[in-house]
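Here's the structure, in structure tokens; my notes come after.
The values are calculated or read from the model by the stated rules, or taken from the named source; none is laboratory data. These numbers were taken from a predicted model, which means no experiment stands behind them. Positions of Cβ are backbone-derived with ideal geometry, glycine not excepted, and every protein chain shown enters the neighbour counts. Remember, those area values only see protein heavy atoms, side chains included, never the ligands or the DNA or RNA. Shrake-Rupley method; radii C 1.70, N 1.55, O 1.52, S 1.80 Å.
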Amino acid sequence: MGFPKKFLWGSATAAYQCEGAWNEGGKGLGEWDEFSHGNPLNLNNESGDVSCDFYHRYEEDLNLAQQEGQNSFRFSIAWDRILPDGRGRVNQAGIDFYNRLIDACLVRGLEPNVTLFHYDLPAALAHEGGWARRGIVDDFVAYAKICFEAFGDKVRLWATINEPKYYSYCTNMVGNYPPNHRCDFDRYYCVLYHEILASAKAVSLYHEMGLPGSIGIVHDSSNVDVAEGTKNPERVRTIADFFYNRLVLDTSITGTLPAGLVPFLRDEGIDSSFAKDEDAAVFEQGKIDWLGMNVYNRMYVTDYTSGETEVFHNNVGARAKTKEGIRIKDWFETAVDPTTKRNLWGREIYPQCMLETLQEIRERYGDIPVYITENGHGEYETPNEDGVVEDDDRIDMMQGYIDKMFEAMESGCKVLGYYAWSPMDLYSWVNGYEKRYGLVYVDFATQKRTPKKSYWWYKDLIEAYRKQHEMQGAES
Ligand code: NOJ
């Protein structure tokens with residue numbers, strides 16, 4: 001495949017993380033609005049009420065992205081802006097807002113890449129059981145249909161759901177995202193399954209509607225690496241891969257559930273009654289056109305037989321020494337590789353995982369087109385006396401991952417785009433605002449935007465790519 005002539009260089013956001021305007025424009029209440037207004041598990045006591053005020057300032061942010069040389073912009077639609085009660089009544093002001101946003105992208109030469117669900121469930125649906133209720137599948141498809149009808153003539157790149165696995169993991173295993181269940185395996189698999197089923201149904205609807213674009217799903221890349229010295233390494237690999245990847249990837253790409261998953265869950269005493277025979281046809285008809293991969297880390301695992309099941313997570317950064325991970329009795333535990341770096345929130349920085357995950361996708365699933373829908377680096381940051389953030393660590397991190405992406409492309413992987421997370425600083429869920437990811441610094445008190453050093457680095461990188469590949473007529 002090599003280097004495509006038209007490669008998408010963009011950046012990515014999500015509605016609840018950047019829009020603010022939580023109670024404006026006819027928006028309904030979201031599960032995150034409720035959670036962030038007083039739940040004691042909201043550790044940093046922050047909310048997305050205002051964030052970087054993208055709802056009012058999107059033109060400034062898009063200008064900066066355009067001036068940086070980007071040609072695509074990824075954002076999500078807030079379900080509760082379109083359907084304030086989750087279903088039924090449509091909020092025209094919400095439709096109008098996203099029409100303005102899409103048009104603003106298009107006039108700037110930024111191809112909109114639009115995600116339908118990025119963690120932010122309408123509160124009304126959350127109260128009915130959220131993604132654990134099978135009826136959510138049809139609610140999601142009805143919402144998707146409204147979006148396809150309203151924006152489908154202009155949006156050519158759609159994603160159904162952002163990180164279905166990580167969403168289910170945080171809402172049902174870690175318990176740091178609402179509705180805050182902990183170590184609940186039944187619910188983990190049930191929620192994940194319903195997301196995948198809803199995604200497949202929306203994909204098939206999109207195809208039936210004959211709109212002029214393509215549709216995918218966004219997975220948080222979690223390729224499994226088994227530590228040396230692990231007992232029963234193949235068993236550990238299979239179980240970890242079932243846990244992290246296969247339900248999303250096999251089902252969305254090949255249209256069939258991973259062989260052996262349901263019997264495995266049954267043997268392990270996990271409720272698998274969510275899987276119905278009639279779903280097979282839905283999966284078969286709902287195969288994605290492309291795969292989005294949010295690439296941050298791998299899953300480095302080893303055997304775990306002697307202790308209890310336990311999840312650990314760090315949403316307070318340098319204030320704690322906790323690393324991110326899980327121990328599941330008789331399955332596996334996440335291991336620590338002493339040779340690799342971690343960020344201050346305990347997540348591994350491992351550029352090699354970009355190459356490995358892309359090659360694994362190609363080996364397993366052939367030439368499915370891939371977009372790197374997110375990659376980026378979270379840091380505490382303070383501007384220097386000239387007001388500029390010199391984020392060399394971010395530049396090193398992202399350059400390392402991009403080099404590995406190029407290596408993968410050279411070896412034949414079909415990668416069509418890369419999105420930096422994030423264009424500007426925004427709300428980082430339970431981590432609040434101290435963990436910054438932007439290429440542009442946001443002073444949240446004044447809403448002033450100032451490009452960081454990484455902004456200029458990204459600009460140069462995009463320019464260099466274009467000079468080398470687009471102008472010299474690389475493969476299209
Ligand atoms: C994954 C998610 O899609 C996004 O919402 C999150 O803020 C970033 N990665 C950074 O962790």
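Laid out as a table, the results:
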item	result
Separation of alpha-carbon centers, segment 199-218 and segment 272-337, rounded to whole Å	26
Sequence ranges 356-362, 59-65, ranked by mean other-Cβ count within 10 angstrom, highest first	356-362, 59-65
Residue-normalised accessible area of segment 277-320, expressed per residue, 1.4 Å probe, Å²	43
Amide hydrogen neighbours beyond the local backbone of ASN294, cut-off 5 Å, H modeled	HIS219, ASP220, SER221, THR373, GLU374
Heavy-atom accessible surface of the chain: percent carbon and sulfur, 1.4 Å	48
Per-residue SASA entry for ILE102, accessible area with 1.4 Å probe, Å² rounded to 10	0
Cross-link partners of LYS435 among lysines (Cα-Cα below 16 Å; sequence separation of 8 or more within a chain)	LYS321, LYS323, LYS452
Of LYS5/LYS459; LYS6/LYS459; LYS6/LYS448; LYS287/LYS414, those spanning more than 23 Å from alpha-carbon to alpha-carbon	LYS6/LYS448
For segment 390-406, 3J(HN,Hα) per residue [Karplus equation, 6.51 cos²θ - 1.76 cosθ + 1.60, θ = phi - 60°, Hz, x = Gly/Pro]	9, 8, 4, 4, 5, 4, 4, 4, 5, 4, x, 5, 5, 4, 6, 5, 4
Length added when fully stretched, GLN399-ARG182, from 0.36 nm per residue minus Cα-Cα	74.5 nm
Gyration tensor verdict on segment 294-453 (Cα atoms; rounded if a/c is under 1.5, prolate if a/b is larger than b/c, oblate otherwise)	oblate
5 angstrom amide H check on THR309, placed H, neighbours 5+ away	LYS329
Packing-based order for 277-283, 109-115, using average beta carbon neighbours within 10 Å, highest first	109-115, 277-283
Global form of segment 300-355, assessed from the alpha-carbon gyration tensor, a/c cut-off 1.5	oblate
Accessible surface, per residue, of segment 322-476 when the full set of protein chains is kept, probe 1.4 Å, Å²	41
Inter-part distance where segment 240-257 and segment 133-187 are each reduced to a Cα centre, Å	16
Accessible area of segment 110-161 divided out per residue, in Å², using a probe of 1.4 angstrom	25
Heavy-atom SASA rank of THR305, THR13 (probe 1.4 Å, accessible area, largest first)	THR305, THR13
Rule-of-thumb Rg ratio for the chain [Cα; 2.2 N^0.38 Å; N residues]	0.92
Euclidean distance between Cα centres, segment 1-21 to segment 394-422, Å	13
Quarter of Cα convex hull surface for segment 1-129, i.e. mean projection, nm²	9.9
Shape call, segment 234-319: gyration tensor on alpha carbons, a/c limit 1.5	oblate
Rounded to whole Hz, the Karplus (6.51, -1.76, 1.60) HN-Hα couplings of segment 117-122, x for glycine and proline	9, 10, 6, 9, 7, x
Length added when fully stretched, ASP330-GLU60, from 0.36 nm per residue minus Cα-Cα	92.0 nm
Those aspartates and glutamates that a straight Cα-Cα span of less than 19 Å connects to LYS276, excepting residues fewer than 8 apart in one chain	ASP138, ASP139, ASP186, GLU195, ASP250, ASP267, GLU268, GLU284
